[in-house]
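These notes are about the structure you will find just below.
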Amino acid sequence: MKIYNTLTKRLEEFIPINEGKITMYVCGPTVYNLIHIGNARPMIVFDTFRRYMTYRGYEVNYVSNFTDVDDKIINAANEEGVEASEISERYIEECRKDMKGLNVLPATTHPQATKEIPEMIDMISTLEQKGYAYKVSDGTVYYRTRRFEGYGKLSGKNIDELESGHRSEGHALKVSGTEGKEDDFDFVLWKPKKEGEPYWESPWCEGRPGWHIECSCMAKKYLGDTIDIHAGGEDLIFPHHENEIAQSEAANGVPFAHYWMHNGFLNIDNQKMSKSLGNFFTVRDIAAKYDLQVLRFFMLSAQYRSPLNFSDQLMESAKAGLDRIKNAVSNLSDMEKNGMDGDMTDAELENIKRAEAEQERFNEVMDNDLNTADGISVIFDLVKFANTTTSNGATKAYAKALKDEMLKLGDVMGLILETKEETLDEDIERLIEERQQARKDKNFARADEIRDELLAKGIQLKDTREGVKWSRI
Ligand code: AMP
Ligand code: ZN
């Protein structure tokens, strides 16, 4: 597997710390309202990475947090006149529902910031002891950024360059709570409570943690001091991930993450989709119009690092593409029931080898930094292959083998390609059987009568080469 590593800015062969195992941390959403489809992109692509690596035989320990203490949550709580925890718990639940719809597997662990406060206090204390953190008069604790030699190694930013940019943008910080702050680049580890805000006791003041410390602590607690992969959207590279590295490496004294993976933005009209710009759709908005599998398929139609533009037209074409694959699976399913009995023919045995070779090709393209766009092309090739090699009928065994192959690749993508078969009431089943018998007996009058009777019950029959099919009308 080759992964583009933001840290080294190269495509690198993936070598895990422990053979056959992967420790992976993905920054999760801040839960103050429903997630938008931009937030869904990292969930979908890194879930696909996890699924793919699992299919390749790795055991993946996958941790993704919910940021449940933050200004936005507090503001939402104040607006509604409820506790901050009520807002965060509500939107964690809603987020889990969206994940389920998107077929994103629950993480091995979903830690929440508010439940890890002692760990954060510990890490900040360690940083303080090592001279990387200091407290100012109002109780705020800052990270001493310049003291960390590697600062800027992930984002490629250099503090002095940043400084000139910073100053010229007029960001010179002389706002409240910065009294005693040594440097503009120092960032908050702990801040004092304000009236009406949730707070915890600490050695510095009653207050709450900064955002960055949360991920450093949770990664350490659930995965260890050095992890294989850290991931998130590319907007997190700076400052969030840069600051995480500074905190973790200064506190733990070892490298934090070997590989850093970042997904590109989901854009709309070529602008980043975001809550603050107001140009967003929630996952729920999309669910009202499409099966969420279509959204997942749409997201995977691009390699995860490319920007992806959202439009109705592209969603429609994703829907058509997914339907094409699902139809092929459904046809194979019918053939599995109604095809020829017995062993595969010699030609079919040859064809199955070719289908397996497609799986090899699938692995190759996915090994190339998770190129799901190419992975989907391989699935389409398999659809074409299935359609042509079964157009003159097939054995049940061949249909099953091909179908299993497609379902396996679909599963790696997290796509549900087979709709669970709906069962019919017994009396309807009986009528269908009776009609089949009537047709065999050439009693067409009775057969037509039953067809009309079923139609009146909302069941439409279609006689196909593979046998009789029904659908609801
Ligand atoms: P947030 O709730 O803003 O912290 O975002 C949660 C995750 O969604 C982070 O990994 C972000 O990088 C990611 N994200 C937010 N907006 C977008 C977008 N428009 N496209 C892709 N990823 C995004
Ligand atoms: Zn994070």
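So for segment 295-311 (the condition being over 16 Å from the mean Cα position of the chain (by Cα), of a type in the set (S, T, N, Q) and farther than 19 Å from Arg96 by Cα), does at least one residue qualify? Write out each step before concluding.
Within segment 295-311, the subset over 16 Å from the mean Cα position of the chain (by Cα) is 309-311.
This time we only want the ones that are of a type in the set (S, T, N, Q), so: 309, 311.
In the following step, the residues that additionally are farther than 19 Å from Arg96 by Cα were identified as 309, 311.
Yes, segment 295-311 contains at least one residue that is over 16 Å from the mean Cα position of the chain (by Cα), of a type in the set (S, T, N, Q) and farther than 19 Å from Arg96 by Cα.
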Residue hits (segment 23-71; of a type in the set (Ser, Thr, Tyr) and within 13 Å of ligand 2 (Cβ to nearest atom)) are Tyr25, Thr30, Ser64, Thr67
The strands (runs of 3 or more DSSP E) lying entirely within segment 55-162 that contain at least 3 residues which are over 25 Å from Val283 (Cα atoms) and within 20 Å of the chain's Cα centre (by Cα) are 59-64
For Tyr25, the lone unmet condition from (1) assigned to a helix (DSSP H, G or I); (2) within 16 Å of ligand 1 (Cβ to nearest atom); (3) crowded, with 18+ Cβ neighbours inside 10 Å is (1)
All conditions in (1) closer than 23 Å to Val63 by Cα; (2) within 16 Å of ligand 1 (Cβ to nearest atom); (3) part of a helix (DSSP H, G or I) are true of Met261 except (3)
Scanning segment 298-313 for residues that are under 14 Å from Ala373 (Cα atoms) and surrounded by fewer than 15 Cβ atoms within 10 Å (Cβ to Cβ) gives Ser306, Pro307
TODO: For Leu455, state whether it is exposed (fewer than 14 other Cβ atoms within 10 Å of the Cβ) and among the hydrophobic types (A, V, I, L, M, F, W, C).
DONE: yes
Counted residues in segment 363-416 being part of a helix (DSSP H, G or I) and within 30 Å of Ile15 (Cβ to Cβ) come to 19
Given (1) of a type in the set (S, T, N, Q); (2) in contact with a strand residue (DSSP E or B) (Cβ under 8 Å, 6 or more places away or on another chain); (3) within 11 Å of ligand 1 (Cβ to nearest atom), Ser276 misses just (2)
Contact list, first residue from segment 99-118 and closer than 17 Å to Gly410 by Cα, second anywhere and among the polar types (S, T, N, Q) and surrounded by fewer than 18 Cβ atoms within 10 Å (Cβ to Cβ), beta-carbon distance below 7 Å, six or more apart or interchain, is none
Within segment 187-236, residues within 32 Å of the chain's Cα centre (by Cα) and acidic (Asp, Glu) come out as Glu197, Glu214, Asp225, Asp228, Glu234, Asp235
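Within 16 Å of ligand 1 (Cβ to nearest atom) and either surrounded by 19 or more Cβ atoms within 10 Å (Cβ to Cβ) or not in a helix (DSSP H, G or I) (or both), is that true of Cys205? Reasoning before the result, please.
Numbers: within 16 Å of ligand 1 (Cβ to nearest atom): no; either surrounded by 19 or more Cβ atoms within 10 Å (Cβ to Cβ) or not in a helix (DSSP H, G or I) (or both): yes.
When the stated conditions are applied, Cys205 does not pass them.
Conditions (1) in contact with a Lys or Arg (Cβ under 9 Å, 6 or more places away or on another chain); (2) of a type in the set (Gly, Ala, Ser), marked per residue:
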residue: Ala76; (1), (2): no, yes
residue: Glu80; (1), (2): no, no
residue: Asn103; (1), (2): yes, no
residue: Met123; (1), (2): yes, no
residue: Glu128; (1), (2): yes, no
residue: Tyr142; (1), (2): yes, no
residue: Thr145; (1), (2): no, no
Asp369 vs (1) within 23 Å of Met1 (Cβ to Cβ); (2) without any contact (Cβ under 8 Å) to a residue 12 or more places away in the chain: all pass except (2)
When segment 208-253 is checked residue by residue, the ones that are assigned to a loop (DSSP other than H, G, I, E, B) and β-branched (Val, Ile, Thr) are Thr226
Of the residues in segment 256-286 that are surrounded by fewer than 16 Cβ atoms within 10 Å (Cβ to Cβ) and not polar (S, T, N, Q), the one that is nearest to ligand 2 (Cβ to nearest atom) is Leu277
In segment 210-236, anything basic (Lys, Arg) and within 13 Å of ligand 2 (Cβ to nearest atom) is listed as Lys220
Of the candidates Asn243, Asn252, the one satisfying the condition of being under 21 Å from Gln129 (Cβ atoms), surrounded by fewer than 24 Cβ atoms within 10 Å (Cβ to Cβ) and not basic (Lys, Arg) is Asn252
Condition set under 30 Å from Asp228 (Cβ atoms) and aliphatic (A, V, I, L, M), scope segment 46-101, selection surrounded by the fewest Cβ atoms within 10 Å (Cβ to Cβ): answer is Ile92
Only one of Leu223, Leu189, Leu162 is within 23 Å of Phe256 (Cβ to Cβ) and modelled with pLDDT under 80, namely Leu162
Residue hits (segment 254-277; among the hydroxyl-bearing types (Ser, Thr, Tyr) and in the same structural domain as Ile73 (by TED's automatic domain parsing)) are Tyr259
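Here is a check on your reading of the model: is Gly224 out of contact with any Gly (no Cβ under 6 Å at 6 or more places or on another chain) and either crowded, with 17+ Cβ neighbours inside 10 Å or not assigned by TED's automatic domain parsing to the domain that holds Asn39 (or both)?
Numbers: out of contact with any Gly (no Cβ under 6 Å at 6 or more places or on another chain): yes; either crowded, with 17+ Cβ neighbours inside 10 Å or not assigned by TED's automatic domain parsing to the domain that holds Asn39 (or both): no.
For Gly224, the condition - out of contact with any Gly (no Cβ under 6 Å at 6 or more places or on another chain) and either crowded, with 17+ Cβ neighbours inside 10 Å or not assigned by TED's automatic domain parsing to the domain that holds Asn39 (or both) - is not met.
Please work out if Arg296 is modelled with pLDDT of 95 or more, more than 9 Å from ligand 1 (Cβ to nearest atom), in contact with a strand residue (DSSP E or B) (Cβ under 7 Å, 6 or more places away or on another chain) and not assigned by TED's automatic domain parsing to the domain that holds Val45. Break it down into steps so the answer makes sense when it comes.
Values: modelled with pLDDT of 95 or more: yes; more than 9 Å from ligand 1 (Cβ to nearest atom): yes; in contact with a strand residue (DSSP E or B) (Cβ under 7 Å, 6 or more places away or on another chain): no; not assigned by TED's automatic domain parsing to the domain that holds Val45: yes.
No; evaluated as a whole, the condition is false for this residue.
The values are calculated or read from the model by the stated rules, or taken from the named source; none is laboratory data. Predicted, not measured: the structure shown is a model, and the values here were computed from it. Note: ideal-geometry Cβ built from the backbone for every residue, glycine included; neighbour counts use all protein chains shown.
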